[in-house]
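The values are calculated or read from the model by the stated rules, or taken from the named source; none is laboratory data. Please read these numbers as outputs of a predicted model, since none were measured by experiment. Note: ideal-geometry Cβ built from the backbone for every residue, glycine included; neighbour counts use all protein chains shown.
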Amino acid sequence: MFRYIPNGDDDRKSMMDHLGIKDIDELFKDIPETLKFKGQLDLEASQSEPEVLKYFEEKAAANCSLTQLTSFLGAGVYDHYIPGIIKHMVGRGEFYTAYTPYQPEISQGTLQVIFEYQSMICDLTGMDVSNASMYDGPTAAAEALLMATTQKKMEKIILAGAISPEIRQVIETYMKYRDIEVVTLKEEKGLVDFKDLEAKLDQDVAAVLVQSPNFYGLIEDVERVSEMAHGRKALAIAYVDPISLGVLKSPGEAGVDIAVGDGQALGNGTNLGGPYLGFLATTNKLVRKMPGRIVGQTEDVDGKRAWVLTLQAREQHIRRYKATSNICSNQGLNALIASIYMTTLGREGLKEVAMMSLQKAHYAYDKLLATGRFKPAFEGAFFKEFVLLADMEPEVINQKLLENNILGGYDLSKACGVDKGIMFAVTEKRSKEEIDRLAELLEVM
Amino acid sequence: MRNYDKVIYEVSKKGRRAYRLPESDVEMKPVESLIPEAFLRKEEAPLPEVSEVDVIRHYTNLSNKNYGVDTGFYPLGSCTMKYNPKINEDVAAMPGLSQLHPYQPEKTIQGSLEIMYELQKALAEIGGMDETTLQPAAGAHGELTGILIIKAYHQLKGDFHRNKIITPDSSHGTNPATVATAGYELVEIPSNADGSVNLEALKEAIDENLAGLMLTNPSTLGLFETQIGEIAKLIHENGGLLYYDGANMNAIMGKSRPGDMGFDVMHYNLHKTFSTPHGGGGPGSGAVAVKQHLAKFLPKPVVVKTGEGYGFDYDRPESIGKIKGFYGNYGILLRAYTYIKTMGRDGLKYASETAVLNANYMMHQLKEDYKLPMNQVCKHEFVLDGLKMDELSGIRTLDVAKRLLDYGYHPPTVYFPLIVHEAIMIEPTETESRETLDEFIAAMKAIAREAKEDPELLKNAPYNTPVRRVNEVLAAKQLVLKYKDSL
């Protein structure tokens, strides 16, 4: 017996009697004989709950998780504080076992959550409109660029140099098979090289994408990128860390056309890379070019305020080949998490998280430089993450740190060719004591 | 609190707090000394300010306005709304499995890599394929991955002229949309009335520019595509590849395999067939498996077994590249593998058999009152063509669906597939008891009676829901997409 399948042999038999069949295989008689799978799947037999749990507990024990390690690793995924109430709300079956809210009368919960999510993403980014989420930051960036190429009818895009390899690689995959040319800017001290931008920004460019804080943690002059892009009739796209927006100028204030980013830091666990969510917000002008679901406010027949999926004529189930994107399932539950996070932290909390991360990162920066083992890699202002040049291989440093239950920095020498470059991320969760210990270990290494 | 009607901003009051962070233990410097003023935010983000109690009440009340599989029967065709086992959630929440950074050294995530490796293997086995990527985040994302793999295959052979993908007009909307996203041209061919591929139309559509065909089997009408052997032969003989849309896999686990049918590449909807929750719209997972000849094109990295254990293989020069950040919706992968282990080879087959039995049982009972375009054995779902009554009554499928809400059910999928005018697509899944099926059948029959006796009752339904029929035209006309936009 299988506990998720209520009907037992008796039910099965009486239902088959009802259909006038004797053998379940009569229901599969339409499958041509040669295509019937006759053997047994090469999988294990079914297991009981204790057996299944034991297997996964063993696998968990073979990992070394952030419950055992103090993390200074970021590079796009951050160990921020997650309010305990989130799991209690997200764990409500009414939310997580629901489908996409296509039946608005019994989906007002999900619809209102998305509407509030859109509102809070707009608050944070300073943009006019947001969709209901994308798969993650990198795919949101790719979709934003496709949006721009459609809007501008141009087949060329420009990427800032210092964007995360995850974002770059996903964008390259999406563009390569559409024959869209991807131009990458040179870096100038870890930032956008504006001379290079000036040179490359010709009239065939649909959009310029800049990440800020960029992959090295440095704050880019998004406003200047935006002005230059607009000067050549291209769109400006900013990829931002939502937490940074508690302190840093919003994409809206910087005048960009599309703001994207990864919402992991908004209450989502690190989860070995997913599920997170991508956010995508834009101007009123571009709303009809947006990919994905959007919720709008309306009323029911009695005049009661209600919410419903709107502008569906952009989407695949209506528009098919002419849709703005093929996205259907998004990251709804992660958007719920982000909503609860933004609600819980609120106006003051988000500033506080951003401010504490900023201050602690700068404390750590000074402390690590004081060990004498590092030199700064760049001069620019940074938010919660910074790159140092070590006097030994980052791999060796990280190994030693790991032996002391510390998850060290991101090794830039391997991934980005910055010789002996190592990048540390410091969130509000790291205490002075933890940072001091990191510095002590590095000093005597 | 049934009438709870507040937006979170309307609960907000200055100074309220739902969080508490530790006091800063480092020196707090003036922010202007750390960041140039030009980079600082001028206007505060006007997020709400509420207490913890407000947060809990707000979301609890919103959840009460929702309907999930945990609430009741959800016969939403094509979506496989089966029960979402709770042990899946427990496993996904295990700190040792979830609190992992994607850039941690591989030696610190051996347990997770092993799970992913085993899941890759298990999915390939179920589909009759050879290698798997777990990276795609959803079904449509899997489709995109698969179609790009087809493109990479042709391009490597120098066949850049192969620029057309064929799909039947009964296909899921994501199929043609994926064709566009992948930068291909679409050739949509008409289906036969039973939703099967029209072989003549297919032959006509095939030319030297053929790149591939996308197909669902069972079809979107819930019927097995019996000509699949011939179709595969036709496509392959003309140099094309076959893509399998795995949305309807719940009908055939352990009974028939896409790989054996001749498909070269396929996706799985882990959030349908493998019981992971739909989450109110996501996250899903659209793992993709391929036959050996396409393995080198899979997105990187793929999880492999190495001398020392398990690792990510990035050294794949012919790979289409990355399709998503990191390694996929890992938390969903954990849930799916929990399900596969719980059900086992015997349970998966039993699940498909039961899903098909449940669908046939319901179809058999409903065809008295509803039009059944195809009166033959169905697979895991079936499509009705509206009520069996005078069309002049003006009662449409939408009215039946809305009336079902008053009976406490989530309605079936309606008006899809497009080739059935008044389509009602019912997929009961295997996780519903006979009693539930009987009660739903009784409700459908009662509605058929109401349609004759009191049509207005249906036209104005629903009556017992948190809101009644909503004005979609108004929503699209006067866009209010965030709080305080003027209506």
Report yes if B:ASP169 is farther than 19 Å from A:ILE171 by Cα, in contact (Cβ under 8 Å) with a residue 24 or more places away in the chain and in contact with a Pro (Cβ under 6 Å, 6 or more places away or on another chain), otherwise no. yes
Assess whether B:PHE440 counts as being closer than 30 Å to A:THR282 by Cβ and not assigned by TED's automatic domain parsing to the domain that holds B:SER275. no
For the condition touching a Phe, Trp or Tyr at 6+ places or on another chain (Cβ under 7 Å) and not basic (Lys, Arg), what is the one hit in B:ILE419, B:ILE441, B:ILE426, B:ILE447? B:ILE426
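For the range B:350-377, enumerate the residues that are within 19 Å of B:LEU123 (Cα to Cα) and at the interface with chain A (Cβ under 7 Å from one of its Cβ atoms). Steps first, please.
Going residue by residue through the range B:350-377, those that are within 19 Å of B:LEU123 (Cα to Cα) are B:350-353.
B:TYR350, B:ALA351, B:GLU353, listed by residue number.
Given the residues B:PRO46, B:PRO136, which is the only one that is more than 7 Å from chain A (Cβ to nearest Cβ) and out of contact with any Phe, Trp or Tyr (no Cβ under 6 Å at 6 or more places or on another chain)? Working first, answer last.
Working: B:PRO46 fails: more than 7 Å from chain A (Cβ to nearest Cβ).
Exactly one of B:PRO46, B:PRO136 is more than 7 Å from chain A (Cβ to nearest Cβ) and out of contact with any Phe, Trp or Tyr (no Cβ under 6 Å at 6 or more places or on another chain), namely B:PRO136.
In the set B:GLY347, B:GLY279, B:GLY259, which member is buried (at least 24 other Cβ atoms within 10 Å of the Cβ), modelled with pLDDT of 95 or more and in a helix (DSSP H, G or I)? Step through it out loud before you land on a result.
Details: B:GLY279 fails: in a helix (DSSP H, G or I); B:GLY259 fails: buried (at least 24 other Cβ atoms within 10 Å of the Cβ).
Result of the check over B:GLY347, B:GLY279, B:GLY259: B:GLY347.
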Hits in the range B:61-97 - residues which are facing another protein chain (nearest Cβ under 7 Å), of a type in the set (S, T, N, Q) and either surrounded by fewer than 20 Cβ atoms within 10 Å (Cβ to Cβ) or over 26 Å from the mean Cα position of the chain (by Cα) (or both): B:ASN64, B:THR71
Of (1) within 30 Å of A:LEU402 (Cα to Cα); (2) at the interface with chain A (Cβ under 9 Å from one of its Cβ atoms); (3) among the β-branched types (Val, Ile, Thr), B:ILE147 fails just (1)
Scan A:ASN405, A:ASN398 and give me the residue that is more than 30 Å from B:TYR19 (Cα to Cα) and surrounded by fewer than 24 Cβ atoms within 10 Å (Cβ to Cβ). A:ASN398
Inside the range A:56-89, the number of residues satisfying the requirement of being under 20 Å from A:ASN334 (Cα atoms) and assigned to a helix (DSSP H, G or I) is 5
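Results for (1) aliphatic (A, V, I, L, M); (2) in contact with a helix residue (DSSP H, G or I) (Cβ under 7 Å, 6 or more places away or on another chain); (3) within 13 Å of chain A (Cβ to nearest Cβ); (4) assigned to a loop (DSSP other than H, G, I, E, B), shown as yes or no for each residue.
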| position | (1), (2), (3), (4) |
| --- | --- |
| B:PRO411 | no, yes, yes, yes |
| B:PHE416 | no, no, yes, yes |
| B:HIS421 | no, no, no, yes |
| B:ILE424 | yes, yes, no, no |
| B:GLU432 | no, yes, yes, yes |
| B:THR436 | no, no, yes, no |
| B:PHE440 | no, no, no, no |
| B:ALA443 | yes, yes, no, no |
| B:LEU457 | yes, yes, no, no |
Hits in the range A:119-133 (condition: within 13 Å of B:GLU43 (Cα to Cα) and of a type in the set (Val, Ile, Thr)): A:THR125
If I go through the range B:98-119 residue by residue, how many of them are without any contact (Cβ under 8 Å) to a residue 60 or more places away in the chain, surrounded by fewer than 24 Cβ atoms within 10 Å (Cβ to Cβ) and closer than 18 Å to A:TYR276 by Cα? 3
Which of the residues spanning the range B:243-256 are within 11 Å of chain A (Cβ to nearest Cβ) and either part of a strand (DSSP E or B) or within 13 Å of B:LEU123 (Cβ to Cβ) (or both)? B:MET253, B:SER256
So for the range B:131-149 (the condition being assigned to a helix (DSSP H, G or I), touching a residue at least 40 places away in the same chain (Cβ under 8 Å), more than 28 Å from A:MET134 (Cα to Cα) and in contact with a helix residue (DSSP H, G or I) (Cβ under 9 Å, 6 or more places away or on another chain)), does at least one residue qualify? no
Failed condition for B:GLU308, given (1) modelled with pLDDT of 95 or more; (2) surrounded by fewer than 24 Cβ atoms within 10 Å (Cβ to Cβ): (1)
Take A:ALA140 and decide whether it is of a type in the set (A, V, I, L, M) and more than 17 Å from A:VAL225 (Cβ to Cβ). yes
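Could you tell me whether B:GLY325 is within 9 Å of another protein chain (Cβ to nearest Cβ) and closer than 30 Å to A:LYS22 by Cα? Quick ask: steps written out before the conclusion?
Details: within 9 Å of another protein chain (Cβ to nearest Cβ): yes; closer than 30 Å to A:LYS22 by Cα: no.
The answer is no for B:GLY325.
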Please verify whether the range A:127-142 includes one or more residues that are buried (at least 21 other Cβ atoms within 10 Å of the Cβ), facing chain B (nearest Cβ under 9 Å) and of a type in the set (Val, Ile, Thr). yes
State the number of residues belonging to the range A:408-426 that are surrounded by fewer than 16 Cβ atoms within 10 Å (Cβ to Cβ), of a type outside the set (Asp, Glu) and over 24 Å from the mean Cα position of the chain (by Cα). 1
For the range B:50-60: of the residues being within 26 Å of A:ALA306 (Cβ to Cβ) and among the charged types (D, E, K, R), which is surrounded by the fewest Cβ atoms within 10 Å (Cβ to Cβ)? B:ARG57
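A quick yes/no check of all residues on (1) more than 7 Å from chain B (Cβ to nearest Cβ); (2) in a strand (DSSP E or B); (3) over 21 Å from B:ASP245 (Cβ atoms):
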{"residue": "A:GLU299", "(1), (2), (3)": "no, yes, yes"}
{"residue": "A:GLY303", "(1), (2), (3)": "yes, no, yes"}
{"residue": "A:TRP307", "(1), (2), (3)": "yes, yes, yes"}
{"residue": "A:ARG320", "(1), (2), (3)": "no, no, no"}
{"residue": "A:THR324", "(1), (2), (3)": "yes, no, no"}
{"residue": "A:ALA335", "(1), (2), (3)": "yes, no, yes"}
{"residue": "A:THR344", "(1), (2), (3)": "no, no, yes"}
Considering only residues of the range A:6-55 that are touching an Asp or Glu at 6+ places or on another chain (Cβ under 7 Å) and part of a helix (DSSP H, G or I), which is surrounded by the fewest Cβ atoms within 10 Å (Cβ to Cβ)? A:ILE24
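Which residue out of B:LEU34, B:LEU21, B:LEU40, B:LEU100 is aliphatic (A, V, I, L, M), within 7 Å of another protein chain (Cβ to nearest Cβ) and in contact with a strand residue (DSSP E or B) (Cβ under 6 Å, 6 or more places away or on another chain)?
Numbers: B:LEU34 fails: in contact with a strand residue (DSSP E or B) (Cβ under 6 Å, 6 or more places away or on another chain); B:LEU21 fails: in contact with a strand residue (DSSP E or B) (Cβ under 6 Å, 6 or more places away or on another chain); B:LEU40 fails: in contact with a strand residue (DSSP E or B) (Cβ under 6 Å, 6 or more places away or on another chain).
Sole residue among the options that is aliphatic (A, V, I, L, M), within 7 Å of another protein chain (Cβ to nearest Cβ) and in contact with a strand residue (DSSP E or B) (Cβ under 6 Å, 6 or more places away or on another chain): B:LEU100.
Yes/no matrix, rows are residues, columns are (1) within 9 Å of chain A (Cβ to nearest Cβ); (2) touching a strand residue (DSSP E or B) at 6+ places or on another chain (Cβ under 9 Å); (3) in a helix (DSSP H, G or I); (4) of a type in the set (Gly, Ala, Ser):
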| position | (1), (2), (3), (4) |
| --- | --- |
| B:ALA180 | yes, yes, yes, yes |
| B:VAL187 | no, yes, no, no |
| B:ALA193 | no, no, no, yes |
| B:LYS203 | no, no, yes, no |
| B:ALA211 | no, yes, no, yes |
| B:LEU215 | no, yes, no, no |
| B:SER219 | no, yes, no, yes |
| B:LEU223 | yes, yes, no, no |
| B:LYS233 | no, no, yes, no |
